[in-house]
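Right, one structure below, let's go through it.
We did not get these values from a lab; they are worked out from the coordinates using the rules stated. Worth saying up front: this structure is predicted, and the values here are computed from it rather than measured. Virtual Cβ from ideal backbone geometry, glycine too; neighbours counted across all protein chains shown.
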Amino acid sequence: MTIQQMAALLRRAGAPDWFYVTDGGLGGGECVGVEPRANGWVVYYSERGGKSPLETCADEDGACRSLIRHVDQMMRHAGLGGLRVESP
């Protein structure tokens, strides 16, 4: 799965776009993000202008699947129900 495919899945599933960032940025508040690194990919939690690593993945596909899991957890915690997406 690519970042673009993941973003499309999240949009179709109704995930609020402020719950995640796909460009390695900090977002507009508390969110999860993904970014490439020299040794793979990192999925992180962003809050108060900082990033806290959640998971390191070997490839883009693994990072995308990890971010989807974290967004699902955030939605459940917020009382929005879980994501209902089918991964390619």
*Using the Cα gyration tensor of the chain, with a ≥ b ≥ c the square roots of its eigenvalues, what is the shape: rounded (a/c below 1.5), prolate (a/b larger than b/c) or oblate (neither)?*
oblate
*asked:* Give me the extension gain from residue 54 to residue 11: residue separation times 0.36 nm, minus the current Cα-Cα distance, reported in nm with one decimal.
replied: 13.3 nm
*Quick one: work out the % antiparallel among DSSP beta bridges in region 3-77, nearest 5.*
90
*What percent do you get for the relative contact order of the chain when only Cα pairs under 8 Å and 6+ apart count?*
28
*Can you give the extra length, in nm with one decimal, that the chain gains between residue 61 and residue 77 once fully stretched, where that is 0.36 nm per residue apart less the Cα-Cα distance?*
3.3 nm
*Go through 28, 57, 81 and say which Cα lies farthest out towards the positive end of the charge dipole of the chain; charges sit on Cβ, +1 for Lys and Arg, -1 for Asp and Glu.*
81
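What does the charge dipole of the chain about its Cα centre add up to, to the nearest 20 debye, if the Cβ of each Lys and Arg holds +1 and the Cβ of each Asp and Glu holds -1?
200
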*With a cut-off of at most 14 other beta carbons within 10 Å, and DSSP calling the residue loop, which trypsin sites (Lys or Arg not before Pro) in the chain qualify? Please list them.*
48, 84
*Summed side-chain charge close to residue 63 - residues other than residue 63 whose Cβ falls under 12 Å, Lys, Arg +1, Asp, Glu -1*: -2
*Where does the chain land at 222 nm, in deg cm²/dmol rounded to the nearest 500, when only DSSP H runs of n ≥ 4 count, each adding -39500 (n - 2.57), divided by all residues?*
-10500 deg cm²/dmol
*Sequence-distant residues sharing a close amide H with residue 55 (under 5 Å, placed H)*: 43
*Say each of residue 37 and residue 18 gets a label point 7 Å from the Cα, pointing the same way as Cα to Cβ; how far apart are those two points in nm?*
2.8
